[in-house]
Amino acid sequence: MPADFAGLDPTAQQNLMAALDELRRNRIRFNVTSAYRSPERQAQLYADRATNPYPVAPPGHSDHERGRAADLVLADESQRDAANRILAKYGWSQPLPERDRVHYAFGRQRSQTPTAYGQSPVDMAKQFSRALGDQLDEAVGAALFAA
Ligand SMILES: [Zn+2]
């Protein structure tokens, strides 16, 4: 099944396309194996998770379903750091570099400051609580996967 870019959040999609262009210009060869996933697709992957080398979040708990995740396989894994530096410029980062190195999420860099985002404190609080929720979701997903 080809990756569904059209289903991504528009800002995430724009930034991903720009990052992928820059990867190509830097001769980093890659394959995006998954982007947006419907809840049905996530449920199917979750049901088949025993055959997946990477963790799979339960349906309703994946950034892929929110249109803010993409899985990037590299032809040459030694280019991962170079790829990460490029992706980070466009707001894409690895939430789980150890366990799920192909998985990138958009807009989740914790190092960015409120002024960098230009957001109100209320928005920042919402964002932090959402980020925490995501982490908990992934912890739950990982625990279920391990079981
Ligand atoms: Zn993923």
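Bear in mind these aren't lab numbers, they're just calculated from the coordinates by the rules spelled out. Just so it is clear, the model here is predicted, and its values are computed rather than measured. FYI the Cβ positions are ideal-geometry reconstructions off the backbone, even for glycines, and counts take in every protein chain you see.
Overview of results
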read-out: Ala88 surrounded by 12 or more Cβ atoms within 10 Å (Cβ to Cβ), within 13 Å of the ligand (Cβ to nearest atom) and closer than 17 Å to Arg101 by Cα; value: no
read-out: Scope region 71-93; condition assigned to a loop (DSSP other than H, G, I, E, B) and in contact with a Phe, Trp or Tyr (Cβ under 6 Å, 6 or more places away or on another chain); matching residues; value: Gly91
read-out: Any pair with Cβ under 7 angstrom, 6 or more apart, that starts in region 51-74 at a residue that is within 25 Å of Ala19 (Cα to Cα) and among the aromatic types (Phe, Trp, Tyr) and ends at one that is within 10 Å of the ligand (Cβ to nearest atom) and part of a strand (DSSP E or B); value: Tyr54/His103
read-out: When residues of region 33-68 are limited to those that are closer than 18 Å to Thr11 by Cα and more than 10 Å from the ligand (Cβ to nearest atom), the one surrounded by the fewest Cβ atoms within 10 Å (Cβ to Cβ); value: Arg66
read-out: Ala105 being near the ligand (Cβ under 10 Å from one of its atoms), in contact with a strand residue (DSSP E or B) (Cβ under 6 Å, 6 or more places away or on another chain) and free of Cβ contacts under 8 Å to residues at least 40 places away in the same chain; value: no
read-out: In region 31-43, the residues that are in contact with a Leu (Cβ under 9 Å, 6 or more places away or on another chain) and either part of a helix (DSSP H, G or I) or of a type outside the set (Lys, Arg) (or both); value: Asn31, Val32, Thr33, Ser34, Ala35, Tyr36
read-out: Condition check for Tyr46: of a type in the set (Phe, Trp, Tyr) and not in a loop (DSSP other than H, G, I, E, B); value: yes
